[in-house]
Amino acid sequence: MTELAERNAARGRLGRGPLLFLLSLYAAHIALIVAYGHARPQRMRIAGIDPVAYYSYFHSLWFDHDLSFQNQFDLLGGGFMPDNKTPKGLAANHSSIGPALALAPFWIAADGIARLGGWPADGASAPYHMAGFIGLAVYGLAALLLMGLFCARQFGSWPGAWAAATAWGAGPLLYYSFPITVMPHAIGTALAALFLLACMPSQASAKRAGLIAGLAMGLAMLGRWQNLLFAAYPAALSIERLLSSQGRKEALRREAGYWLLFALGAILAFSPQMIAWQLLFGTFLTRPQGEGYLLFSRPEIVKMLFSTHNGLFAWTPAMAVGAAGLLFVRRPLRAAAAGLGAALLLQTYLNSICLDWHGAWGFSIRRFTESAPIFAFGFGALAVRFAWRNWRRILAAAASLAILWNELFVFQYTMHLVSWDQPLTAHEMLGDKLHLRTSWARKWLIDSAVLNFKEGDIESAFQILQDAYIIDPKHDDIAIAFGQMHYALGDYNAAALNFITALELRPGQGRVERYLEQTYEAARLSAIGQKPPPLQ
């Protein structure tokens with residue numbers, strides 16, 4: 001057994017105290033989700049392009065026994081283009097099959113509950129939707145515990161638990177443990193953490209270790225294809241073994257056996273996706289999003305990290321500390337840190353060249369969620385390097401504040417108190433978190449005003465909107481609602497002024513810019529006696 005393996009074995013598993021700490025922290029988060037009403041059945045819906053695409057794999061296989069998704073897209077919606085076909089003439093599905101396989105036990109149980117409980121057993125009734133969320137919560141917990149175990153074996157039980165808690169609670173994974181719809185990043189994170197555990201030095205023979213790590217790699221890739229980049233971690237460990245070996249030829253032979261079995265295991269575990277692609281696209285390997293999705297010469301790294309449009313370090317600044325922690329690793333773990341650092345750099349580049357580098361309506365940069373184990377490793381390195389009593393207190397206090405801040409952000413996002421698809425204002429990023437009750441009241445007043453307006457109570461609608469402005473004025477959604485109401489009433493000058501106000505509060509909103517153009521055109525049409533079209 002190597003020195004590194006001996007140290008890992010000595011550190012052992014998470015102790016009872018750290019385990020209870022992680023379980024309690026996760027339970028507290030779920031309790032908050034339940035307390036503010038996000039876990040109500042009517043809110044737990046599989047909706048949107050990506051969630052429907054993931055679920056359609058299960059629905060089509062379970063109910064239709066094929067991979068023809070058009071009826072799933074028609075049943076569940078999601079905004080799919082009817083002319084988006086594969087070379088085989090089938091409805092294209094750009095998502096991976098892994099999340100559907102991972103959540104299949106929950107959806108199969110939901111199918112039984114639906115049949116016994118009187119719900120329509122069509123895959124679209126409430127039990128199926130709720131099962132997806134319950135499954136994600138289970139995988140979110142699994143990700144937290146697996147990260148804790150991975151870090152405990154590197155840094156010790158309590159430092160490992162603290163590191164995992166910080167990476168989970170202060171990063172995107174907190175939100176994706178129970179998101180607003182079924183986005184499977186918690187699954188990908190749990191599988192990535194499992195892979196890192198499978199790659200740690202052990203007493204197994206090189207070939208057996210390679211096969212186990214390869215199978216875990218394939219599973220991680222099923223969860224999210226870009227998890228392949230985590231292979232930089234075992235590659236760094238392999239290089240370390242070669243450099244420290246006495247017999248170079250024997251070491252090369254051993255490592256060759258490791259990587260041969262690694263590749264075979266990865267292909268075997270990843271084969272369900274390859275078979276699905278063959279059936280859909282006529283090839284075992286493809287890029288389902290199309291040729292224009294990855295822009296290799298246009299990395300948007302600075303925006304992706306620092307923009308208020310979901311920027312990783314802007315939304316979840318603790319992740320910058322976790323990344324920096326990789327530089328503070330002590331000598332025995334430097335190869336591991338180098339491998340994880342390389343994986344993080346590769347993830348950073350790949351995420352930055354995506355056409356939608358911001359991840360659209362994601363919480364923080366959602367494609368970094370699976371990198372949580374890397375940030376946890378960095379936090380663990382900091383916990384060990386600054387282990388003096390006062391520093392421990394400072395780190396614990398800072399982590400607690402970061403988790404609390406992120407919980408407030410998750411509340412803002414989940415309750416739609418901030419924009420889901422636009423850069424946030426400074427007030428939304430900072431000020432709103434200090435008066436969330438007021439922000440919630442503003443949102444409720446706007447919704448009430450819109451409802452009153454639709455029901456014909458115009459005077460009450462405007463008065464309610466005015467009340468929303470009085471209590472929380474620095475928000476463009478109030479101005480947009482005023483503008484929409486004035487437009488509907490034919491007061492185009494007032495509508496234009498409100499849309500201009502909205503653009504001053506949040507510049508660059510394509511939707512509001514379009515509203516303003518339509519308003520100017522409506523004023524012109526009205527002046528020549530023509531009826532303007534509704535606002536779109």
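The values are calculated or read from the model by the stated rules, or taken from the named source; none is laboratory data. Nothing here was measured: the structure is a model prediction, and the numbers come from that model. Using ideal geometry, Cβ is built from the backbone for each residue, glycine included, and neighbour counts are taken over all protein chains shown.
Given the residues L116, L90, which is the only one that is farther than 30 Å from A190 by Cα, surrounded by 12 or more Cβ atoms within 10 Å (Cβ to Cβ), hydrophobic (A, V, I, L, M, F, W, C) and at pLDDT 90 or above? Reasoning before the result, please.
On the way: L116 fails: surrounded by 12 or more Cβ atoms within 10 Å (Cβ to Cβ).
After ruling out the rest, the residue left standing is L90.
Within the bounds of region 523-532, is there any residue that is assigned by TED's automatic domain parsing to the domain that holds W444 and either within 24 Å of L417 (Cβ to Cβ) or surrounded by 21 or more Cβ atoms within 10 Å (Cβ to Cβ) (or both)?
Checked against the condition, which is being assigned by TED's automatic domain parsing to the domain that holds W444 and either within 24 Å of L417 (Cβ to Cβ) or surrounded by 21 or more Cβ atoms within 10 Å (Cβ to Cβ) (or both), region 523-532 yields no hits at all.
Do you know which of the residues in region 358-370 that are hydrophobic (A, V, I, L, M, F, W, C) and buried (at least 22 other Cβ atoms within 10 Å of the Cβ) is nearest to F409 (Cα to Cα)?
Restricting attention to region 358-370, the residues satisfying the condition of being hydrophobic (A, V, I, L, M, F, W, C) are 360-361, 363, 365, 368.
Checking which are buried (at least 22 other Cβ atoms within 10 Å of the Cβ) leaves us with 363, 365, 368.
Values: F363: 9, I365: 14, F368: 17 Å.
Applying the filter and picking the extreme gives F363.
Within region 493-510, which residues are touching a helix residue (DSSP H, G or I) at 6+ places or on another chain (Cβ under 9 Å) and either more than 18 Å from V450 (Cα to Cα) or exposed (fewer than 13 other Cβ atoms within 10 Å of the Cβ) (or both)? Before the answer, list the steps.
If we filter region 493-510 for residues that are touching a helix residue (DSSP H, G or I) at 6+ places or on another chain (Cβ under 9 Å), which is where we start, we get 493-506, 509.
Answer for region 493-510, where residues must be touching a helix residue (DSSP H, G or I) at 6+ places or on another chain (Cβ under 9 Å) and either more than 18 Å from V450 (Cα to Cα) or exposed (fewer than 13 other Cβ atoms within 10 Å of the Cβ) (or both): N493, A496, L497, I500, T501, L503, E504, L505, R506, Q509.
Given the condition within 19 Å of P184 (Cα to Cα), modelled with pLDDT of 90 or more and assigned to a helix (DSSP H, G or I), answer yes or no: does some residue in region 4-23 qualify?
Let us first name the residues in region 4-23 that are within 19 Å of P184 (Cα to Cα), namely none.
No.
Is it true that A167 is under 30 Å from R389 (Cβ atoms), surrounded by 22 or more Cβ atoms within 10 Å (Cβ to Cβ), more than 18 Å from the chain's Cα centre (by Cα) and touching a residue at least 24 places away in the same chain (Cβ under 8 Å)? So that I can check it myself, show each step before the final result.
Working: under 30 Å from R389 (Cβ atoms): yes; surrounded by 22 or more Cβ atoms within 10 Å (Cβ to Cβ): yes; more than 18 Å from the chain's Cα centre (by Cα): no; touching a residue at least 24 places away in the same chain (Cβ under 8 Å): yes.
Here the answer is no, as A167 does not meet what is asked.
Considering only residues that are crowded, with 16+ Cβ neighbours inside 10 Å and hydroxyl-bearing (S, T, Y), look in region 17-55 and name the one that is farthest from G156 (Cα to Cα).
Y55
Among the listed residues S56, S95, identify the single one that is in the same structural domain as F281 (by TED's automatic domain parsing) and either within 29 Å of A216 (Cα to Cα) or β-branched (V, I, T) (or both).
Of S56, S95, the one residue that is in the same structural domain as F281 (by TED's automatic domain parsing) and either within 29 Å of A216 (Cα to Cα) or β-branched (V, I, T) (or both) is S56.
Kindly evaluate I470 against the criterion of being under 30 Å from L404 (Cα atoms), buried (at least 22 other Cβ atoms within 10 Å of the Cβ) and hydrophobic (A, V, I, L, M, F, W, C). Let's see the steps before the verdict.
Values: under 30 Å from L404 (Cα atoms): yes; buried (at least 22 other Cβ atoms within 10 Å of the Cβ): no; hydrophobic (A, V, I, L, M, F, W, C): yes.
No; evaluated as a whole, the condition is false for this residue.
Only one of T283, T316 is assigned by TED's automatic domain parsing to the domain that holds G169, hydroxyl-bearing (S, T, Y), at pLDDT 95 or above and within 23 Å of W420 (Cβ to Cβ); which? I'd like the intermediate steps shown before the answer.
On the way: T283 fails: within 23 Å of W420 (Cβ to Cβ).
Sole residue among the options that is assigned by TED's automatic domain parsing to the domain that holds G169, hydroxyl-bearing (S, T, Y), at pLDDT 95 or above and within 23 Å of W420 (Cβ to Cβ): T316.
Against the condition farther than 28 Å from D477 by Cβ, over 23 Å from the mean Cα position of the chain (by Cα), assigned by TED's automatic domain parsing to the domain that holds L144 and not in a helix (DSSP H, G or I), how does A397 come out, does it pass? Spell out how you get there, then give the answer.
Values: farther than 28 Å from D477 by Cβ: yes; over 23 Å from the mean Cα position of the chain (by Cα): yes; assigned by TED's automatic domain parsing to the domain that holds L144: yes; not in a helix (DSSP H, G or I): no.
Considered against the rule, which asks whether it is farther than 28 Å from D477 by Cβ, over 23 Å from the mean Cα position of the chain (by Cα), assigned by TED's automatic domain parsing to the domain that holds L144 and not in a helix (DSSP H, G or I), A397 comes out as no.
Of all residues in region 444-461, count the ones that are surrounded by fewer than 18 Cβ atoms within 10 Å (Cβ to Cβ) and not in a loop (DSSP other than H, G, I, E, B).
Pass one, region 444-461, residues surrounded by fewer than 18 Cβ atoms within 10 Å (Cβ to Cβ): 444, 447-448, 450-451, 454-460.
Cutting the leftovers down to not in a loop (DSSP other than H, G, I, E, B) gives us 444, 447-448, 450-451, 454, 458-460.
Residues flagged as surrounded by fewer than 18 Cβ atoms within 10 Å (Cβ to Cβ) and not in a loop (DSSP other than H, G, I, E, B) within region 444-461 amount to 9.
I'm told W444 meets every condition in (1) touching a helix residue (DSSP H, G or I) at 6+ places or on another chain (Cβ under 8 Å); (2) within 21 Å of V34 (Cα to Cα); (3) among the aromatic types (F, W, Y) except one. Can you identify the failing condition by its number?
Unmet for W444, out of (1) touching a helix residue (DSSP H, G or I) at 6+ places or on another chain (Cβ under 8 Å); (2) within 21 Å of V34 (Cα to Cα); (3) among the aromatic types (F, W, Y): (1).
Please state which one of H59, H65 is modelled with pLDDT of 95 or more and out of contact with any helix residue (DSSP H, G or I) (no Cβ under 9 Å at 6 or more places or on another chain). Before the answer, list the steps.
Details: H59 fails: out of contact with any helix residue (DSSP H, G or I) (no Cβ under 9 Å at 6 or more places or on another chain).
Result of the check over H59, H65: H65.
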